[in-house]
1. Working carefully through the options 115, 80, 133, 88, find the one that is free of Cβ contacts under 8 Å to residues at least 60 places away in the same chain and under 30 Å from residue 190 (Cα atoms).
2. Can you list the strands (runs of 3 or more DSSP E) found entirely within the range 1-117 that contain at least 2 residues being β-branched (Val, Ile, Thr), modelled with pLDDT of 65 or more and open to solvent by less than 70 Å² (accessible area, probe 1.4 Å)?
3. Return a yes/no flag: does the range 157-172 have any residue that is of a type in the set (Phe, Trp, Tyr) and under 22 Å from the mean Cα position of the chain (by Cα).
4. Of the conditions (1) exposed (fewer than 12 other Cβ atoms within 10 Å of the Cβ); (2) within 14 Å of the chain's Cα centre (by Cα); (3) closer than 12 Å to residue 161 by Cα, residue 123 fails just one. Which one is it?
5. Does any residue in the range 206-232 that is under 12 Å from residue 189 (Cβ atoms) and in a loop (DSSP other than H, G, I, E, B) come within less than 8 Å, Cβ to Cβ, of a residue that is open to solvent by 50 Å² or more (accessible area, probe 1.4 Å) and acidic (Asp, Glu) six or more places away or on a different chain, and which pairs are these?
6. Considering only the range 172-205, state which residues are open to solvent by 80 Å² or more (accessible area, probe 1.4 Å) and either outside any strand (DSSP E or B) or of a type outside the set (S, T, N, Q) (or both).
7. Out of the range 206-218, which residues are hydrophobic (A, V, I, L, M, F, W, C) and open to solvent by 70 Å² or more (accessible area, probe 1.4 Å)?
8. Out of the residues in the range 126-154 that are farther than 20 Å from residue 76 by Cα and open to solvent by 40 Å² or more (accessible area, probe 1.4 Å), state the one that is nearest to the chain's Cα centre (by Cα).
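The values are calculated or read from the model by the stated rules, or taken from the named source; none is laboratory data. Predicted, not measured: the structure shown is a model, and the values here were computed from it. Here the Cβ positions follow ideal geometry from the backbone for every residue, glycine too, while neighbour counts run over all protein chains shown. Ligands, DNA and RNA are stripped out before the accessible areas are found, and what is left, the full protein with its side chains, is counted by its heavy atoms. Shrake-Rupley method; radii C 1.70, N 1.55, O 1.52, S 1.80 Å.
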Amino acid sequence: MARISTYVTDPIVTSNDKWIGTDFSGGITKNFTPQNLADFFNESGVLGVVNQINFKYYKTFIGERPVGSITTNTQEPAFSSLTTIKVSEKNSGLKYIVDVLNTFIGETIMLSDTSNPNKFGIYKLTNVEEDLSDSGFYNLSLQLNESNGNLEDSHVYGLTPVVDSLNIDKTYIHNQGLSSNEWEITHGLNKYPSISIVDSGYNVVVGEVEYIDLNRVTLRFSASFSGKAYLN
C-alpha cells in the first residue's frame, strides 16, 4: 500500500464514497461510507436538533414492538391518511422523550423523513395518550394540515414543532371584484376565522356567515356589492 500522503485529496464527498476503518465488534477492517455515517447519526440522535424527536418506522415486525419505533395501522401509509400514530417512549437513540413530547400537545408539528425532507406531514397534535395495552408506547392523535409522500419501511422520521406553533396567527384577505350578494371564499386557514367585511368604499358591512368547513366560508348579504373580507 502506498503512503497516505501520496493519495490525491478528493474535495467532493458523495454518499457512496468509501474509507477504510476498523469495526469495534471483532476488530475487523471494513469499508464505510458517508451514507453509513449519516444513517447512524439520524437513527442514534447523537447529533441533536433541539426539539426534534427521531423514530425509526417499521412497516412490520416480529415479536414485541421495537423500542425507538414509530408504527401505524397500515403499511407504508400516505402522510395525508394519518390520524393516529404509535410511538415509543424512547427515541431511536433510546433516550426517554415523553416529557418533551407532552409539551407538543395543542401545537403544530411536522413529521418528516430525515433522509428526504420533501416527504412530510404537518399536523396539529391534539393528544398524547399512553397505550395501556402496549407498555412503553404512546398513541398520538393528529389533525392534518398539509403533507406530501408516504412513510417508508426502516426510514428514520423526525417529529418536531414548527413555526406555526409559536402562536403566529394566519390571516387571509379576500378581494371581491364583482358585485354579488353571496361571496364564496376558500381561505386555507384550517380554522373557523373571525371575519370583517368592507365595501369598495371601505364602509363596514354586516352579513350572514356560513362556515362550510375549516377552509371555506360563504358570506350572504341583502344586496350586491364589491369589497373585501378580512379573515383571521
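1. 88
2. Numbers: elements: 19-22, 29-32, 53-57, 69-71, 84-88, 108-113.
Ranges flagged: 69-71, 84-88, 108-113.
3. Our first condition is that a residue be of a type in the set (Phe, Trp, Tyr); within the range 157-172, this holds for 157, 172.
Then keep just the ones that are under 22 Å from the mean Cα position of the chain (by Cα); that gives 157.
Checking the range 157-172: at least one residue is of a type in the set (Phe, Trp, Tyr) and under 22 Å from the mean Cα position of the chain (by Cα).
4. Result: residue 123 fails condition (1) only.
5. Short answer, once both residue conditions are applied: 232/169.
6. Correct list: 173, 178, 184, 192, 200, 202, 203, 204.
7. 206, 212, listed by residue number.
8. Of the range 126-154, the ones farther than 20 Å from residue 76 by Cα are 126-136.
Filter once more, so that each one left must be open to solvent by 40 Å² or more (accessible area, probe 1.4 Å): 126-127, 129-130, 132-133, 135.
Values: 126: 14, 127: 15, 129: 19, 130: 21, 132: 26, 133: 27, 135: 25 Å.
Checked the range 126-154; the qualifying residue nearest to the chain's Cα centre (by Cα) is 126.
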